[in-house]
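Single-structure report; data block below.
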Amino acid sequence: MGTMNISIPDSLKSYVDDQVESRGYGTHSEFVRDLIRKDKAIQELRRLIGEGLDSELGPPVDHTWFDSLRMRR
(Lines give C-alpha, C1' and ligand atoms only; values in the text may rest on other atoms or scores of the structure.)
Protein backbone atom coordinates (compact mmCIF):
# COMPACT_ATOMS: atom_id res chain seq x y z
CA MET A 1 0.00 0.00 0.00
CA GLY A 2 1.34 3.43 -0.89
CA THR A 3 1.66 6.36 1.46
CA MET A 4 0.58 9.92 0.77
CA ASN A 5 1.10 12.98 2.92
CA ILE A 6 -1.20 15.96 2.45
CA SER A 7 -1.44 19.40 3.98
CA ILE A 8 -4.84 20.84 4.79
CA PRO A 9 -5.96 23.97 6.64
CA ASP A 10 -6.82 23.60 10.31
CA SER A 11 -10.52 24.08 9.56
CA LEU A 12 -10.53 21.07 7.23
CA LYS A 13 -8.50 18.98 9.67
CA SER A 14 -11.05 19.77 12.36
CA TYR A 15 -13.83 18.68 10.00
CA VAL A 16 -12.03 15.41 9.21
CA ASP A 17 -11.43 14.79 12.91
CA ASP A 18 -15.15 15.26 13.58
CA GLN A 19 -16.14 12.95 10.72
CA VAL A 20 -13.76 10.20 11.84
CA GLU A 21 -15.18 10.33 15.34
CA SER A 22 -18.87 10.76 14.55
CA ARG A 23 -19.10 8.38 11.60
CA GLY A 24 -17.16 5.50 13.09
CA TYR A 25 -14.01 5.57 10.99
CA GLY A 26 -11.04 4.02 12.75
CA THR A 27 -8.49 6.39 11.25
CA HIS A 28 -8.18 9.49 9.14
CA SER A 29 -6.88 7.26 6.35
CA GLU A 30 -10.09 5.20 6.35
CA PHE A 31 -12.12 8.38 5.94
CA VAL A 32 -9.97 9.61 3.06
CA ARG A 33 -10.03 6.21 1.35
CA ASP A 34 -13.83 6.20 1.62
CA LEU A 35 -14.00 9.67 0.05
CA ILE A 36 -11.77 8.54 -2.82
CA ARG A 37 -13.87 5.39 -3.40
CA LYS A 38 -17.05 7.48 -3.49
CA ASP A 39 -15.47 9.95 -5.91
CA LYS A 40 -14.42 7.08 -8.19
CA ALA A 41 -17.98 5.73 -8.12
CA ILE A 42 -19.37 9.17 -9.00
CA GLN A 43 -16.94 9.49 -11.92
CA GLU A 44 -17.91 6.03 -13.18
CA LEU A 45 -21.59 6.89 -12.93
CA ARG A 46 -20.99 10.11 -14.88
CA ARG A 47 -19.12 8.13 -17.54
CA LEU A 48 -21.96 5.62 -17.84
CA ILE A 49 -24.55 8.39 -18.04
CA GLY A 50 -22.51 10.02 -20.81
CA GLU A 51 -22.36 6.72 -22.69
CA GLY A 52 -26.10 6.37 -22.32
CA LEU A 53 -26.74 9.87 -23.59
CA ASP A 54 -24.50 9.23 -26.60
CA SER A 55 -26.07 5.87 -27.45
CA GLU A 56 -28.96 5.06 -29.73
CA LEU A 57 -32.42 4.68 -28.24
CA GLY A 58 -33.36 1.13 -27.39
CA PRO A 59 -36.75 -0.49 -27.15
CA PRO A 60 -39.27 1.07 -24.77
CA VAL A 61 -39.08 0.01 -21.16
CA ASP A 62 -42.47 -1.09 -19.87
CA HIS A 63 -43.90 -3.74 -17.56
CA THR A 64 -43.17 -6.46 -20.13
CA TRP A 65 -39.50 -5.53 -20.17
CA PHE A 66 -39.30 -5.65 -16.37
CA ASP A 67 -41.16 -8.98 -16.35
CA SER A 68 -38.57 -10.43 -18.75
CA LEU A 69 -35.79 -9.31 -16.39
CA ARG A 70 -37.47 -11.03 -13.46
CA MET A 71 -37.82 -14.26 -15.43
CA ARG A 72 -34.04 -14.39 -16.04
CA ARG A 73 -33.41 -15.05 -12.35
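General remarks:
- Accessible area per residue for the chain is 95 Å², calculated with a 1.4 Å probe on protein heavy atoms, without ligands, DNA or RNA.
- FRET efficiency, 1/(1 + (r/R0)^6) with R0 22 Å, evaluated for Arg47 and Asp10 via beta carbons: 0.05
- Sorted from longest to shortest, the spans of the Cα atoms of the chain along the three principal axes equal 55, 28, 26 Å.
- Cα→Cβ-extended label distance, 7 Å offset, between Trp65 and Tyr25, nm: 3.9
- The chain - percent of accessible surface contributed by carbon and sulfur, probe 1.4 Å: 57
The values are calculated or read from the model by the stated rules, or taken from the named source; none is laboratory data. Source: prediction; values computed, not measured. FYI the Cβ positions are ideal-geometry reconstructions off the backbone, even for glycines, and counts take in every protein chain you see. We work out accessible area using only protein heavy atoms, side chains counted, and drop any ligands, DNA or RNA first. Shrake-Rupley method; radii C 1.70, N 1.55, O 1.52, S 1.80 Å.
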